[in-house]
1. Note down all Cβ pairs under 7 Å where the first residue falls in region 161-179 and is closer than 20 Å to Tyr40 by Cβ, the second is open to solvent by 20 Å² or more (accessible area, probe 1.4 Å) and hydrophobic (A, V, I, L, M, F, W, C), and they're at least six residues apart or on different chains.
2. Test each condition in (1) free of Cβ contacts under 8 Å to residues at least 24 places away in the same chain; (2) buried (at least 20 other Cβ atoms within 10 Å of the Cβ) for Leu202 and report the one that comes out false.
3. In region 16-28, is there at least one residue being within 24 Å of Leu146 (Cβ to Cβ) and basic (Lys, Arg)?
4. Answer yes if at least one residue in region 283-300 is within 31 Å of the chain's Cα centre (by Cα), touching a residue at least 24 places away in the same chain (Cβ under 8 Å) and over 28 Å from Val233 (Cβ atoms), and no otherwise.
5. Count, please, the residues in region 451-470 that happen to be at pLDDT below 85 and either surrounded by fewer than 22 Cβ atoms within 10 Å (Cβ to Cβ) or under 19 Å from Gln593 (Cα atoms) (or both).
6. Would you mind telling me which numbered condition in (1) touching a residue at least 24 places away in the same chain (Cβ under 8 Å); (2) part of a helix (DSSP H, G or I); (3) touching a helix residue (DSSP H, G or I) at 6+ places or on another chain (Cβ under 7 Å) Gln8 fails?
7. Restricting the search to region 215-256, which residues are touching a residue at least 60 places away in the same chain (Cβ under 8 Å), open to solvent by less than 20 Å² (accessible area, probe 1.4 Å) and among the β-branched types (Val, Ile, Thr)?
8. Would you tally the residues in region 245-280 being among the hydrophobic types (A, V, I, L, M, F, W, C) and touching a helix residue (DSSP H, G or I) at 6+ places or on another chain (Cβ under 7 Å)?
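The values are calculated or read from the model by the stated rules, or taken from the named source; none is laboratory data. Bear in mind that the values here come from a model prediction, so they are computed numbers and not experimental data. Glycine also receives a Cβ, built like all others from the backbone with ideal geometry; neighbour counts cover every protein chain displayed. The protein model used for the area step is the full one, side chains on, heavy atoms only, and it has no ligands, DNA or RNA in it. Shrake-Rupley method; radii C 1.70, N 1.55, O 1.52, S 1.80 Å.
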Amino acid sequence: MNFHSNVQEAPYIGPQYQKKLNKLGIKTIGDLLFHLPSRYEDFSKISFIRDLKLNEVCCIKGRIIKIENIYTRKKRFSLTEAVVSDQTGTIALLWYNQSYLKTIIKEGEYFCFAGRFILTDRGSYLVNPAYEKIRGMEIKSFDKKLMHTGRIVPIYPETRGISSRWLRFVIKIILERLERIDDPIPQEVLKKYKLLSLEKSLWEVHFPLSFGNQKKAKERFSFQELFLLGLFVLSQRIKRIRAKSYPLEIKLKTIQGLIKSLPFKLTNAQKKSLWQILKDMEKPRPMFRLLQGDVGSGKTIVGAIASLNVVKSGGQVAFMAPTEILAKQHFETVHNFLKNSDLDIGLITSKNDKFFSKKLKNQVVEISKRKIVEKTKDGKIDILIGTHSLIQEKVKFKNLLLIVVDEQHRFGVEQRASLYKRNRADKNPLPHFLSMTATPIPRTLALTVYGDLDISILDEMPKGQRMVNTIVVSANKRNDAYEIVRDEIKKGRQAFIICPRIEKKEDDFGQEVNDFKAVKEEHLKLSKKIFKEFNIGMLHGKMGSKEKERTMKDFGQKKIDILVSTSVVEVGIDMPNATVMLVEGAERFGLAQLHQFRGRIGRAGDESYFLLLPQTRSKSAYRRLTAIAKTNDGLKLAEEDLKIRGPGDFVGKRQWGIPNLLMSSLLDIALIEKTREAAKEILEKGYNLTNYPLLKKELARFKEIAHLE
């Protein structure tokens, strides 16, 4: 039996328990041993019965004087009562609906009990206590034989049929029977960073002798997960540095000509970031750069100029966006920027049966998807913009030299890898890679999850900075918020109203649940009652492609005054005439997401209003929303959001598959820096980890679990 053995090989685990454990994601012995406790109960002090106080959690030992089952009149539940004594007195015990205990806890035998001593309508009892049979009264706290009482007791994430009591029983047997526990972390790392060994850590995390020891064990496991992530990220970086790509000459005159023709001046941050990107692509190794900039900081023009340089060097560009709306908007924006550059720019999305190509003098050509796929394969499309359809439609490029991905965390890892790998033979050079995001990346994530990317930051906004007033609206001020919307529309402006849901939920009887606001119901109410004098549109993810396109076109042409929408407008929607956004159920959204919403209004430089209407009266929700009202600094909000909601919101837990322990460790900057340093030291001794076979094996396992490709 070893870490990689099937969990069914462990004692007391048959097919039925195996199925139940699988529900917890436990398939191997290692999975079971790394199923760490979520909390602990402190039953370490064994008290005399005479010293017990009401409402305190306590642990006692004694001899069973009496035990009996009592059934209620209607026999809907049973009570099990027992009396136990020690040398100082007696105490009554009470369990609900556990009549089987009478066959386990027998009169005359000795037991340890741990629970809360409370006053019930039947008298004073130790209620639903944990129990453990002992040989006699001589047993003491932290006796090696104790698992459920008389010590710090672990409580685990459970599922039906798998209790913490059962897990403690099985895990202890496994730890006792494992002949050898090999430690994947090298001895020099353990020594330098004063870490417990793996074997010691497993014992101390499951059966700690003190909370200090438990903390050290958890720190070791957190170190291990971050260390493995650091090894992966840094080894990927080394691998990419050693890889070959297409060195692209900087077409300086072409770029300068384009910049001069723009109706605005690039900011210094845009110029700096663009130069970093162009210099990266000059090298014979692939660029892997993240362009991070707040909403409205001008990322798209930087990506467009970089794309122009690639095309003028004879290559093609794939430009991937997370939503159909954003892909179409990028298509329009990139074409407008490059309309005089003699390029063929294409758009392809999974729901469209037509492809729109802008060619030369602003001409629009509609052709079938089959033809656009052919044109791309033949190299006749210079820049192809699309959603995940760039992957699903099996598009092949003749000479793909640059991939641009907008908001890459919205794509699964496999989707990005598919686009990257499909368009090259194994021995061919890699294309360059540019990721763009409006989500500020906190430092902890920049060092870990995004640590293999070079980062350029657009920390300067173009002139004509937006003036957006952010207001948290209390329930009794809703009509005031509606008046702000009405006043702005009367001035010729437009408004967004955002709802968390598309439609109302129903219970098992078909009745609507009084839940968060929904687009369909809100659209009807606003049209019929609140804003009867205005044209109100609706936008959500279940609408057809053509319907969404028509709605956005009407909104852009000011045929719609108010657009009621889901979070589909969060990223990239550019409507300069919109000056007010009202967010219903605002507490349902993260701070970083709300900041993205805020970036959709006031884009023409007009004073605007961002109105947050929480649906619950929670003080914590109100406090969180006031944070966004106080600052327009996206990075501060991202840091705050990371603390409140956890890293899963940023890296996409479902997409990355990152273990829970690692997720929580991504908040610890000191530990991250320590593990990154350790990973660097090990990789300097050998990129392929040939001197560390156990570590190499563990890293392969980690990659498989976290699928970090």
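1. Here the result reads Ile162/Leu24; Ser164/Ile155; Arg168/Met147; Phe169/Met147; Lys172/Met147; Leu175/Trp203, each pair linking region 161-179 to a residue that is open to solvent by 20 Å² or more (accessible area, probe 1.4 Å) and hydrophobic (A, V, I, L, M, F, W, C).
2. Just one mismatch for Leu202, condition (1).
3. Going residue by residue through region 16-28, those that are within 24 Å of Leu146 (Cβ to Cβ) are 17.
In the following step, the residues that additionally are basic (Lys, Arg) were identified as none.
No, because not a single residue in region 16-28 is within 24 Å of Leu146 (Cβ to Cβ) and basic (Lys, Arg).
4. Taking region 283-300 first, the residues within 31 Å of the chain's Cα centre (by Cα) are 285-300.
With the extra rule that they be touching a residue at least 24 places away in the same chain (Cβ under 8 Å), the set shrinks to 285-300.
With the extra rule that they be over 28 Å from Val233 (Cβ atoms), the set shrinks to 296, 298.
The answer is yes, given that some residue of region 283-300 is within 31 Å of the chain's Cα centre (by Cα), touching a residue at least 24 places away in the same chain (Cβ under 8 Å) and over 28 Å from Val233 (Cβ atoms).
5. Step one: of region 451-470, the residues at pLDDT below 85 are 451-453, 459-467.
Now restrict to residues that are either surrounded by fewer than 22 Cβ atoms within 10 Å (Cβ to Cβ) or under 19 Å from Gln593 (Cα atoms) (or both): 451-452, 459-467.
Qualifying residue count for the region: 11.
6. Result: Gln8 passes all but (1).
7. Result: Val233, single match.
8. Step one: filter region 245-280 for residues among the hydrophobic types (A, V, I, L, M, F, W, C), giving 248, 250, 252, 255, 258-259, 262, 264, 266, 269, 274-275, 277-278.
Okay, now just the ones that are also touching a helix residue (DSSP H, G or I) at 6+ places or on another chain (Cβ under 7 Å), so 248, 250, 255, 258, 266, 274, 277-278.
Going through region 245-280 one residue at a time, the tally reaches 8.
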